[in-house]
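What follows is a short report on a single structure.
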Amino acid sequence: MTQLIQDLKWRYAVKKYDYSKKISEQDLLVIQEALQLAPSAFGFQALKYLIIENPEIRQKLLSKSSNQQQVVDASHLFVLCAFNEISENHIEDHITRTAKIRNVLATNLAGFKNHLQSTFSNWSVEKTKEWTAKQCYISLGMLMQTCAQLRIDATPMEGFDPNGYDEVLKLTDQNLHAVLVCPIGYRHDEDGYGQLAKVRKTIPELFEVI
């Protein structure tokens, strides 16, 4: 069995965290770098990760999270946020960054820039928000796999009030909206879900080679 499969079999959606155990700064930096390297359409990274440590803020978010205790008990709370809109400044920044990192002239990227401008200018606000939200789901997979490899537990959540999060975290003012929530930390010995067998369809049921 490969290490990857062992990691995936180890992980589960933890229901009860041990609030006394904290993630080390070194591991937290590994997680941040992994998310920095996560795949992103156009390499645009139209999202932002909030790492909520402040206990007062997390307590406010608890009621916006169907009172799921993981939000306050986990070592850290990740909120994956997506852009509401993509402006001309965002495109300019991406072109400038690309030119600098790849050591090319920005004029050499004119075709790419025109493609981005043409694409985003034709999208409605709803389509843009839908597209940027999908980028968060790509990153969520990276977050969960990285945590599993580090033997850090992660609980992906959609069961929260996005508007409530936006209000508490003042996201609208930052051109952002909350898409996903993911507490990370260490499972409590009393979390019985960790003893349950993982229920999945068989490979023949899931895959068809055509």
Check: Tyr49: within 15 Å of the chain's Cα centre (by Cα) and either more than 24 Å from Gly159 (Cα to Cα) or in contact (Cβ under 8 Å) with a residue 40 or more places away in the chain (or both), yes or no?
Finding: yes
Item checked: Given (1) crowded, with 18+ Cβ neighbours inside 10 Å; (2) closer than 30 Å to Lys9 by Cα, number of the condition His94 does not satisfy -> (2)
Note to self: Of everything in the range 163-208, what is over 25 Å from Ile23 (Cβ atoms) and surrounded by 18 or more Cβ atoms within 10 Å (Cβ to Cβ)? Give them in sequence order.
What the structure shows: Asp166, His177
Check: Do we have any residue at all in the range 94-102 that's among the basic types (Lys, Arg), out of contact with any Cys (no Cβ under 7 Å at 6 or more places or on another chain), over 21 Å from Leu176 (Cβ atoms) and outside any loop (DSSP other than H, G, I, E, B)?
Finding: yes
Margin query: So for the range 125-133 (the condition being of a type in the set (Asp, Glu), surrounded by fewer than 12 Cβ atoms within 10 Å (Cβ to Cβ) and out of contact with any helix residue (DSSP H, G or I) (no Cβ under 7 Å at 6 or more places or on another chain)), does at least one residue qualify?
Written below: yes
Notebook entry, point to check: Based on what the data block shows, is Lys22 basic (Lys, Arg) and either assigned to a helix (DSSP H, G or I) or over 16 Å from the mean Cα position of the chain (by Cα) (or both)?
Noted result: yes
Margin query: Please verify whether Ile101 is crowded, with 18+ Cβ neighbours inside 10 Å and of a type outside the set (Phe, Trp, Tyr), treating the condition exactly as stated.
Written below: no
Margin query: Here's a check for you: in the range 39-73, which residue that is acidic (Asp, Glu) and not in a loop (DSSP other than H, G, I, E, B) is farthest from Tyr19 (Cα to Cα)?
Written below: Glu56
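Of the residues Leu62, Leu80, only one is farther than 27 Å from Gly192 by Cβ, aliphatic (A, V, I, L, M) and modelled with pLDDT of 95 or more; which?
Within the list Leu62, Leu80, the selection yields Leu80.
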Note to self: Condition first: surrounded by 14 or more Cβ atoms within 10 Å (Cβ to Cβ) and small (Gly, Ala, Ser). Can you find one or more residues in the range 137-144 that meet it?
What the structure shows: yes
Notebook entry, point to check: Among the helices (runs of 4 or more DSSP H) contained in the range 108-210, which hold 3 or more residues that are closer than 19 Å to Leu28 by Cα?
Noted result: 125-149
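The values are calculated or read from the model by the stated rules, or taken from the named source; none is laboratory data. As the structure is a prediction and not an experimental result, all values here were calculated from the model. As a convention, Cβ positions derive from the backbone with ideal geometry for all residues, glycine included, and neighbour counts pool all protein chains shown.
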